[in-house]
Amino acid sequence: MRKEQFVCPYEVYDTMEELPQQDADLMRRAHEAARNAYAPYSKFQVGAAARLANGAVVTGNNIENAAYPSGLCAERVTLFSAMAQYPGVSIEALALTAYSETKSIDEPVAPCGACRQVMVEVEQVSKRPLRVLCQGDTGPVMVFDGVESLMPFVFLDKFL
Ligand code: THU
């Protein structure tokens, strides 16, 4: 038997102003998208923005449904939309944020496991690290340079 460890490196920027310009711009687009989320049931409005290798920015947000499982997270709305609109174009970065009328969100939102699974495959097909930026409605920004550390022991196509 041997014990092993998984290391999860990430950066923390105390304010958005500290971010490199294009990351700050992307996060601003995610904040705008959060305001337009359709989340009448949870009131938890998530916004995301993806930056593509061709310079395009695709935004999305969570879309809920009265039949709860039929809704979809902001990250997957955004990544699937980017892949549908720009097939074959690499996705370089994804910014994520959340807003709620009922509570203040001042710590970074973490993407759910299903979205992390999708991010891993997006990174694979993009053939470059997917930079993931997470922020609350306010507060610090966590940055992951690649999604490997976000999804340890991920399920991959090689298992199929
Ligand atoms: N949600 C996201 O959009 N992204 C996540 O990573 C976690 C959760 C949404 C789903 C649902 O509409 C609401 O947030 C509450 O779970």
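Rounded is the label for the chain, because a/c, from the alpha-carbon gyration tensor with a ≥ b ≥ c as root eigenvalues, stays below 1.5.
Only helical runs count toward this figure. For the chain, summing -39,500 (n - 2.57) over DSSP H runs of n ≥ 4 and dividing by all residues gives -8000 deg cm²/dmol at 222 nm. Partners of LYS43 within straight-line reach, counting lysines whose Cα lies under 26 Å from its Cα and excluding those fewer than 8 residues away in the same chain: LYS103.
Give the cross-link partners of LYS158 among the lysines, using a straight C-alpha distance below 19 Å as the criterion and excluding same-chain residues fewer than 8 apart. Reachable lysines: LYS127. What separates the Cα centres of region 100-141 and region 1-25 is a distance of 11 Å.
Summarising the label geometry, the points placed 7 Å from Cα in the beta-carbon direction at ALA56 and TYR38 lie 2.2 nm from one another.
The simple Förster model, with R0 at 30 Å and r as the Cβ-Cβ distance, assigns ASP106 and GLN5 a FRET efficiency of 0.50.
Rounded to the nearest Hz, the phi-derived 3J(HN,Hα) couplings of region 129-136 under the Karplus curve 6.51 cos²θ - 1.76 cosθ + 1.60 (θ = phi - 60°) are x, 8, 7, 10, 10, 10, 8, x, where x marks glycine and proline. Under a model in which nothing but the beta-carbon of Lys, Arg (+1) and Asp, Glu (-1) is charged, the chain shows a dipole of about 500 debye around its Cα centre.
Every number here is computed from the coordinates shown, using simple stated rules; none is lab data. Computed from a prediction, not measured in an experiment: that's the story for all the values here. Cβ atoms come from the backbone with ideal geometry, glycine included; neighbour counts cover every protein chain shown.
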